[in-house]
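Quick notes on the structure that follows.
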């Protein structure tokens, strides 16, 4: 069934996937399933071409955009298909090999955002705004006392005092594509927003084991000079995000949450 009218979009060199035969680009259609995510597709269409120009890691810049029609009421996109597997299908130990590459990606992304960047009420703001939701979740887990102590410490950290920076907004291993042990792409910018970089740095606990996290943090600190207060907030964001997906219907999400909940109490 046709989705509606589409518009040709400039293709960024090097970002299109390759089919198994190697003869033509491999593509995917990105379609919102709910009205409340439709605007996020439009955000990707508007901003990813600009952001991709400064990113060394491929991202799914639309090669064609669809507009709402009588057939389908929301924006939709045709995007590159990246060969590889989701990092969530690999073990945390295997992720160490690209920890520094992901750090470089986030350092490149975390540049000051314009005033008209998308806003997300659930990402990028002060952790205190999430307290009423996160605290009851943490109380329901095993080791709740230790998790709540980590959360309290994160709430006590100094707030972000820099300009709002671009954020992926949902940086976890299911949104990272790897191939042959290397970082191949970062996908799913549905939560694209601006604000505190600690939101994205939560992936240190969502994605990596102790050794990988150390490499990730060292690389980002060398590039961005993050203070301990930023990492304290990042650990709090890891708790906020992990607690939100701990009961997800997708086993990959619950595994990410379980890993993060174990690791936030190790540091």
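Working from label points 7 Å from Cα in the Cα-to-Cβ sense, the residue 71 to residue 132 distance is 4.4 nm. Once volume of the Cα convex hull per residue in Å³ is calculated for the structure shown, the corresponding label among (i) 135; (ii) 217; (iii) 127 turns out to be (i). Mark the label point 7 Å from the Cα of residue 228 along Cα→Cβ and return the residues of segment 132-161 whose backbone N is within less than 19 Å of it. From segment 132-161, the list is 149-161. Take every Cα-Cα pair in segment 205-267 and report what % of them are more than 14 Å apart. Counting every Cα pair in segment 205-267, those more than 14 Å apart make up 58 percent.
Helix 144-156: angle to the longest alpha-carbon principal axis of the chain, degrees 0 to 90, nearest 10? In the chain, helix 144-156 runs at an angle near 80 degrees to the longest axis.
The length gained by stretching the chain between residue 54 and residue 108 to full extension, at 0.36 nm per residue less their Cα-Cα distance, is 18.8 nm.
Computed on segment 85-263, with alpha-carbon pairs under 8 angstrom and 6+ residues apart, the relative contact order is 33 percent. Peptides 156-162, 27-33 ordered by packing proxy, namely the average of other Cβ atoms within 10 Å per residue, highest first: 27-33, 156-162. The angle between the Cα long axis of helix 251-263 and the main principal axis of the chain comes to about 30°, on a 0 to 90 degree scale. Between 113, 35, 87, find the one with the highest GNM mean-square fluctuation for the chain; connect C-alpha pairs within less than 10 Å. Its mean-square fluctuation being the largest, the pick is 35.
Taking 25 °C and 0.890 mPa s as conditions, segment 127-267 diffuses translationally at an estimated 160 µm²/s according to Stokes-Einstein applied to its Kirkwood radius (Cα pairs).
Listed peptides 243-254, 90-101 appear in the order 90-101, 243-254 once ranked by packing, highest mean of other Cβ atoms within 10 Å at the front.
Every helix of 4 or more DSSP H residues in the chain counts as -39500 (n - 2.57), and over all residues that averages to -12500 deg cm²/dmol at 222 nm.
How tilted is helix 35-52 with respect to the longest principal axis of the chain? Cα atoms for both, answer in degrees (0 to 90, nearest 10). Between the helix axis and the principal axis of the chain, the angle is about 80 degrees.
For a label point 7 Å from the Cα of residue 145 along Cα→C-beta, name the residues of segment 233-267 whose backbone N is under 20 Å from it. Once the point is set 7 Å along Cα→Cβ of residue 145, 261-267 turn out to lie under 20 Å by backbone N, inside segment 233-267. For the pair residue 116 and residue 39, label points projected 7 Å from Cα toward Cβ lie 1.5 nm apart. Normalising the Debye intensity of segment 84-195 to I(0), with uniform scatterers on Cα atoms only, and taking log10 at q = 0.12, 0.15, 0.22, 0.24 Å⁻¹ returns -0.57, -0.86, -1.17, -1.18.
All of the numbers you see were taken from the coordinates with simple rules; none came from a lab. Since the model is a prediction, treat every value here as computed from it, not as a measurement. Note that each Cβ is placed from the backbone with ideal geometry, even for glycine, and that neighbours are counted across all protein chains shown.
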